[in-house]
Amino acid sequence: MNSNESTRRAFLKQFGVAGAAALAAANAHGLAAPSPQAAKPALTPADQKQADTREARMKWWHEAKFGMFIHWGLYSVIGQHEWVKEFEGVPLSQYEILAKNFHPKPNAARDWARLAKRSGQKYMVMTSKHHEGFCHWDSQLTDYNAKKQGPGRDLIAEFVEAARAEGLRVGFYYSLMDWHHPDGAICKTDEAARRRFVDYTHGLVRELMTNYGKIDILWYDVDWPLTAEQWESERMNEMVFSVQPEIIVNNRNGLPGDFSTPEQEIHAAEAGRAWETCMTLNDSWGFNRGDDSWKNAKTIVDNLATCARGGGNYLLNIGPTEDGSIPLPTTQILSEVGRWNETNGKSIYGTDRGNLNPTTNLNFTRRGNTLYIHQKYWPGHTPAAEWLEFFKPEVVVALAGLKPKALSARLLKTGQKVEFTQDEFSLRLTGLPLEAPDQPATVIEVECDAEPVIDQWSLIPLWKRNKVGISI
């Protein structure tokens, strides 16, 4: 999977920040191989306390699997990507003018939350402050905020209310990097500036944690230009947990946090480590009116299944327009995904990490001993059925290398029983309709007599080899 150069990760690579190695290429199965693990340092008392409560705090998150990311800010007024200030060199004195001319429609977040609910997403994470430094809430620490500028109201409060009204969990994205604050860059080499900027940062995070009731996720971003020690990240997290003891925090303030955050790639963490892929719906995080590189519903559903197969979550981004409206393609794509989730969500929510090698046509998820076969490209009729018994009776969905015994099979959408045969090489599901029963993927639920494992490569030594030349 290629990385988008207009990402946080591109910035981190440019500045050589630790931990921002070039993205690993995704392997043929859609899950990049985990990076070699360095020796883990001993846990601090604060880390240990966080680890002791992690399983209980993250139970809902592991079951949820699918969330909505929202990138929205002053950059949305320009409509040319969220990094437009830096990438196009807009002077700060001009960029600040956007704050007075940012006029969202009332309660735009209600439409976001309704779409998230309809699409099957279980939580929402909104940019409270992006790299541009503009705060979407009524901060007492800066006038560069939504209440005192163009909007004239607290946009975070509207977001929280909207998410809760739809029964969704609430998360705040917060960029540590700040292009607007006068100490945001010089803090790297000026201790007095570092002290001011760190106090300011901790103060803003405290406001977010204090003013809006229970918050479920704190999603830090870009810790440039300071180290975790310089950010006083451990003290910051201790403050966060003192106010929000059930919150989940990510790993982008220089500490391991509760979960890892691969970006624009699906990259499973090691077993036992929570992870969440964040990804754009087109090529941009913020609203970009010229970006028409939309992922279709088939790609989104397959990505969602791939994340679930690896035990991770999928945080999919939308970029509302300057007034908070949702671009039409976003609504169309997510609505289609939602219709699929209505009848196939059982194959996603609450599923377990699996040892399941996918193929070009098939993806897989599992829950316990239940295997969910995601047929992406329906086989339909094959002329080979005229000569090969393997493909009779039509239509055949087959997978090689399933280790346990299959006990039953049915179409997940309709509950219709599916006939099958199984030998040491293949599970063959037969007599299926010519046309795909569901789109953008058809799911077949297979009950097994043990945890399903799919390993096609293990069959290679088992195949009988015929004589050289044609043997029929």
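The values are calculated or read from the model by the stated rules, or taken from the named source; none is laboratory data. For clarity, every value in this text was computed on a predicted model and none was experimentally measured. Quick reminder, even Gly has a Cβ in these numbers, built from the backbone with ideal geometry, and neighbours come from all protein chains shown. These area figures cover heavy atoms from the full protein model, side chains too; ligands, DNA and RNA do not enter into them. Shrake-Rupley method; radii C 1.70, N 1.55, O 1.52, S 1.80 Å.
Could you check the stretch 441-455 and list, in sequence order, the residues that are crowded, with 20+ Cβ neighbours inside 10 Å and either out of contact with any helix residue (DSSP H, G or I) (no Cβ under 6 Å at 6 or more places or on another chain) or part of a loop (DSSP other than H, G, I, E, B) (or both)? Step through it out loud before you land on a result.
First, the residues of the stretch 441-455 that are crowded, with 20+ Cβ neighbours inside 10 Å: 441-446, 448, 452, 454.
Within the stretch 441-455, Ala441, Thr442, Ile444, Glu445, Val446, Cys448, Pro452, Ile454 qualify.
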Contact list please: Cβ distance under 6 Å, first residue in the stretch 109-132 and open to solvent by less than 10 Å² (accessible area, probe 1.4 Å) and part of a helix (DSSP H, G or I), second residue at pLDDT 95 or above and of a type in the set (Phe, Trp, Tyr), pairs at least six apart or on different chains. Ala109/Phe159
Sort out which residues of the stretch 275-301 are surrounded by fewer than 20 Cβ atoms within 10 Å (Cβ to Cβ) and closer than 13 Å to Tyr314 by Cβ, and write them in order of number. Lys295, Thr299
Selection count, the stretch 204-253, where residues are basic (Lys, Arg) and touching a helix residue (DSSP H, G or I) at 6+ places or on another chain (Cβ under 7 Å): 1
Gly184: passes all of (1) among the small types (Gly, Ala, Ser); (2) open to solvent by less than 10 Å² (accessible area, probe 1.4 Å); (3) closer than 23 Å to Ile247 by Cβ but (3)
Taking the condition of being free of Cβ contacts under 8 Å to residues at least 24 places away in the same chain and open to solvent by 50 Å² or more (accessible area, probe 1.4 Å), how many residues in the stretch 248-272 meet it? 1
Give all pairs with beta carbons closer than 6 Å in which a residue from the stretch 335-350 that is farther than 13 Å from Asp438 by Cβ and touching a residue at least 60 places away in the same chain (Cβ under 8 Å) meets a residue that is open to solvent by less than 20 Å² (accessible area, probe 1.4 Å) and among the basic types (Lys, Arg); count only pairs at least 6 apart in sequence or on separate chains. Ile348/Lys65; Tyr349/Lys65
For the stretch 217-235, state whether one or more residues are of a type in the set (Lys, Arg) and surrounded by 18 or more Cβ atoms within 10 Å (Cβ to Cβ). no
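Within the stretch 40-89, work out how many residues are assigned to a helix (DSSP H, G or I) and under 21 Å from Asp352 (Cα atoms).
13
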Taking Ala384 and the conditions (1) part of a loop (DSSP other than H, G, I, E, B); (2) loosely packed, with under 15 Cβ neighbours inside 10 Å, which numbered condition does it fall short on, given that it satisfies the others? (1)
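Please verify whether Lys467 is part of a loop (DSSP other than H, G, I, E, B), modelled with pLDDT of 95 or more, open to solvent by 60 Å² or more (accessible area, probe 1.4 Å) and not polar (S, T, N, Q), treating the condition exactly as stated. If you could, list the steps in order and put the result at the bottom.
Values: part of a loop (DSSP other than H, G, I, E, B): yes; modelled with pLDDT of 95 or more: no; open to solvent by 60 Å² or more (accessible area, probe 1.4 Å): yes; not polar (S, T, N, Q): yes.
Answer is no for this residue.
Regarding Thr414, is this residue surrounded by 14 or more Cβ atoms within 10 Å (Cβ to Cβ) and either within 15 Å of Ile373 (Cα to Cα) or in contact with a Ser or Thr (Cβ under 7 Å, 6 or more places away or on another chain) (or both)? Before you say what the answer is, go through the steps one by one.
Values: surrounded by 14 or more Cβ atoms within 10 Å (Cβ to Cβ): no; either within 15 Å of Ile373 (Cα to Cα) or in contact with a Ser or Thr (Cβ under 7 Å, 6 or more places away or on another chain) (or both): yes.
In short, no.
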Restrict the check to the stretch 148-161 and report whether at least one residue is open to solvent by 50 Å² or more (accessible area, probe 1.4 Å), within 23 Å of Ala297 (Cα to Cα), charged (D, E, K, R) and not in a helix (DSSP H, G or I). no
Which condition number does Asp199 fail, the rest of (1) part of a loop (DSSP other than H, G, I, E, B); (2) surrounded by fewer than 19 Cβ atoms within 10 Å (Cβ to Cβ) being met? (1)
(1) in contact (Cβ under 8 Å) with a residue 12 or more places away in the chain; (2) at negative phi: which one isn't true of Gly311, the others all being true? (2)
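Only one of Pro433, Pro437 is in a loop (DSSP other than H, G, I, E, B), touching a strand residue (DSSP E or B) at 6+ places or on another chain (Cβ under 7 Å) and in contact (Cβ under 8 Å) with a residue 12 or more places away in the chain; which?
Pro437
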Name the one entry in Pro437, Pro461 that is modelled with pLDDT of 95 or more and open to solvent by 40 Å² or more (accessible area, probe 1.4 Å). Pro437
Filter result (under 16 Å from the mean Cα position of the chain (by Cα), charged (D, E, K, R) and either crowded, with 22+ Cβ neighbours inside 10 Å or in a loop (DSSP other than H, G, I, E, B) (or both)) within the stretch 302-361: Arg309, Arg353
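Would you confirm whether or not the stretch 200-218 contains a residue that is touching a Cys at 6+ places or on another chain (Cβ under 8 Å) and closer than 24 Å to Asn250 by Cβ? Let's see the steps before the verdict.
Step one: list which residues in the stretch 200-218 are touching a Cys at 6+ places or on another chain (Cβ under 8 Å), which gives 204.
Keeping just the survivors that are closer than 24 Å to Asn250 by Cβ gives 204.
For the stretch 200-218, residues touching a Cys at 6+ places or on another chain (Cβ under 8 Å) and closer than 24 Å to Asn250 by Cβ: present.
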Would you confirm whether any residue within the stretch 417-427 is under 22 Å from Gly354 (Cα atoms), touching a helix residue (DSSP H, G or I) at 6+ places or on another chain (Cβ under 7 Å) and either touching a residue at least 60 places away in the same chain (Cβ under 8 Å) or in a loop (DSSP other than H, G, I, E, B) (or both)? yes
